[in-house]
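Novice: One structure, pasted below without further comment.
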Amino acid sequence: MRYAETVVDLVGGTPLVKLNKVTEGLACTVLAKVEYLNPGGSVKDRIATRMIEAAEAEGSLKPGGTIVEPTSGNTGVGLALVAQQRGYRCVFVCPDKVSVDKRNVLKAYGAEVVVCPTAVPPEDPQSYYSVSDRLVREIEGAWKPDQYSNVHGPRSHYETTGPEIWADTEGKITHFVTGVGTGGTITGTGRYLKEQGPVRVIGADPEGSVYSGGTGRPYLVEGVGEDFWPTAYDPSVPDEIIAVSDAESFLMTRRMAREEGLLVGGSCGMAVVAALRAAKDLGPDDVVVVLLPDSGRGYLGKIFNDDWMASYGFLDAEEGGTVGDVLR
Ligand code: PMP
């Protein structure tokens with residue numbers, strides 16, 4: 001019989017699929033790594049598994065302990081999956097811009113969710129960083145993975161995401177494009193790929209975020225961009241950072257579902273916009289791999305809701321038939 005021993009054993013090993021429609025007119029090959037096919041529905045299953053295993057080994061997470069983490073949802077799902085299997089309690093702290101759908105998913109996995117305002121600086125006692133620190137102090141046996149500084153985040157990508165991409169492209173990858181949130185994906189995957197061959201590593205960042213020279217918020221794409229520099233991010237890994245607007249990100253996210261059959265999240269649309277920009281002048285031997293972190297199911301009330309999109313004026317370009325133009 002062929003089966004996984006537990007759901008945790010299904011993490012990783014995600015496939016690459018060629019993009020065919022949104023890439024029209026490009027000479028190179030653009031492949032998407034579809035991370036929503038992880039059991040928890042996102043790339044974050046990878047770091048969750050690795051961070052918990054390391055904490056158990058180091059003794060910072062003990063039997064019956066509580067995992068407390070500020071997370072925009074995806075890391076929480078990954079942590080909840082592993083925690084469930086091993087009898088840990090989970091308390092997640094997230095900013096209020098995170099969709100209700102995403103919060104409900106965390107609760108469905110049995111986690112507790114604390115919601116904090118987005119529009120306050122990180123040092124404010126109400127910020128989701130401050131609240132999670134306070135909970136760690138107050139709850140006995142609490143352990144905070146801290147995906148922003150945990151070395152096992154980037155390490156999980158160095159050990160799994162990078163090798164999978166290198167093997168699946170048979171070493172033919174020339175460009176790797178991914179969104180930057182904690183920076184774990186680009187740091188670990190990018191470092192591994194660059195050690196194998198001359199791969200150009202490109203980060204995608206929401207306009208306004210620090211990675212592309214902004215001061216922080218506000219932008220609406222979830223899970224990417226920052227208002228501080230996390231230590232999980234090694235700025236020496238990316239060769240280039242491309243800033244993408246909310247409108248471009250969301251319109252491309254909708255095109256991915258309609259034209260490529262990939263119902264993905266807003267940070268995926270953002271990464272694809274950056275990938276297409278990077279691919280513009282490449283030749284037929286170039287192979288661009290763009291990582292798609294999560295599924296569109298958590299954004300049905302936002303990106304895939306015409307009223308929500310229209311309320312920000314994001315549909316103007318789509319209705320005007322200029323969707324393709326946002327890329328230029
Ligand atoms: N997209 C989404 C939806 C995410 O949740 C995250 C993780 N914060 C990312 C992209 C970015 O990944 P990383 O934290 O590894 O930079």
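The values are calculated or read from the model by the stated rules, or taken from the named source; none is laboratory data. From a predicted model like this one, the values you see are computed outputs, not experimental measurements. So basically every Cβ, Gly included, is an ideal-geometry build from the backbone, and we count neighbours across all protein chains shown.
Novice: Any residue at all in the stretch 191-200 that's in contact with a helix residue (DSSP H, G or I) (Cβ under 9 Å, 6 or more places away or on another chain), under 24 Å from Glu222 (Cβ atoms) and buried (at least 17 other Cβ atoms within 10 Å of the Cβ)?
Specialist: Within the stretch 191-200, not a single residue is in contact with a helix residue (DSSP H, G or I) (Cβ under 9 Å, 6 or more places away or on another chain), under 24 Å from Glu222 (Cβ atoms) and buried (at least 17 other Cβ atoms within 10 Å of the Cβ).
Here is a yes/no grid of residues against (1) within 17 Å of the chain's Cα centre (by Cα); (2) assigned to a helix (DSSP H, G or I):
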{"residue": "Leu79", "(1), (2)": "yes, yes"}
{"residue": "Gln85", "(1), (2)": "no, yes"}
{"residue": "Cys90", "(1), (2)": "no, no"}
{"residue": "Arg103", "(1), (2)": "yes, yes"}
{"residue": "Lys107", "(1), (2)": "no, yes"}
{"residue": "Gly110", "(1), (2)": "no, no"}
{"residue": "Val114", "(1), (2)": "no, no"}
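Novice: Would you point out which residue out of Val199, Val177 is over 21 Å from Pro122 (Cβ atoms) and over 15 Å from the mean Cα position of the chain (by Cα)?
Specialist: Val199
Novice: What number of residues within the stretch 277-314 are assigned to a helix (DSSP H, G or I), buried (at least 19 other Cβ atoms within 10 Å of the Cβ) and either in contact with a Leu (Cβ under 6 Å, 6 or more places away or on another chain) or modelled with pLDDT under 95 (or both)?
Specialist: Residues in the stretch 277-314 being assigned to a helix (DSSP H, G or I), buried (at least 19 other Cβ atoms within 10 Å of the Cβ) and either in contact with a Leu (Cβ under 6 Å, 6 or more places away or on another chain) or modelled with pLDDT under 95 (or both): 5 in total.
Novice: Of all residues in the stretch 202-234, count the ones that are within 23 Å of Leu292 (Cβ to Cβ), part of a loop (DSSP other than H, G, I, E, B) and not small (Gly, Ala, Ser).
Specialist: Residues in the stretch 202-234 being within 23 Å of Leu292 (Cβ to Cβ), part of a loop (DSSP other than H, G, I, E, B) and not small (Gly, Ala, Ser): 10 in total.
Novice: Would you check which residues across the stretch 1-37 are acidic (Asp, Glu) and either surrounded by 11 or more Cβ atoms within 10 Å (Cβ to Cβ) or assigned to a strand (DSSP E or B) (or both) and list them?
Specialist: Those that are acidic (Asp, Glu) and either surrounded by 11 or more Cβ atoms within 10 Å (Cβ to Cβ) or assigned to a strand (DSSP E or B) (or both): Asp9, Glu35.
Novice: Would you point out the residue of the stretch 141-181, among those that are more than 13 Å from the ligand (Cβ to nearest atom), assigned to a strand (DSSP E or B) and not aromatic (Phe, Trp, Tyr), that is surrounded by the most Cβ atoms within 10 Å (Cβ to Cβ)?
Specialist: Looking at the filtered set, the residue picked out is His175.
Novice: Determine if the stretch 182-190 includes at least one residue that is more than 13 Å from the ligand (Cβ to nearest atom), farther than 21 Å from Leu282 by Cα and assigned to a loop (DSSP other than H, G, I, E, B).
Specialist: Within the stretch 182-190, not a single residue is more than 13 Å from the ligand (Cβ to nearest atom), farther than 21 Å from Leu282 by Cα and assigned to a loop (DSSP other than H, G, I, E, B).
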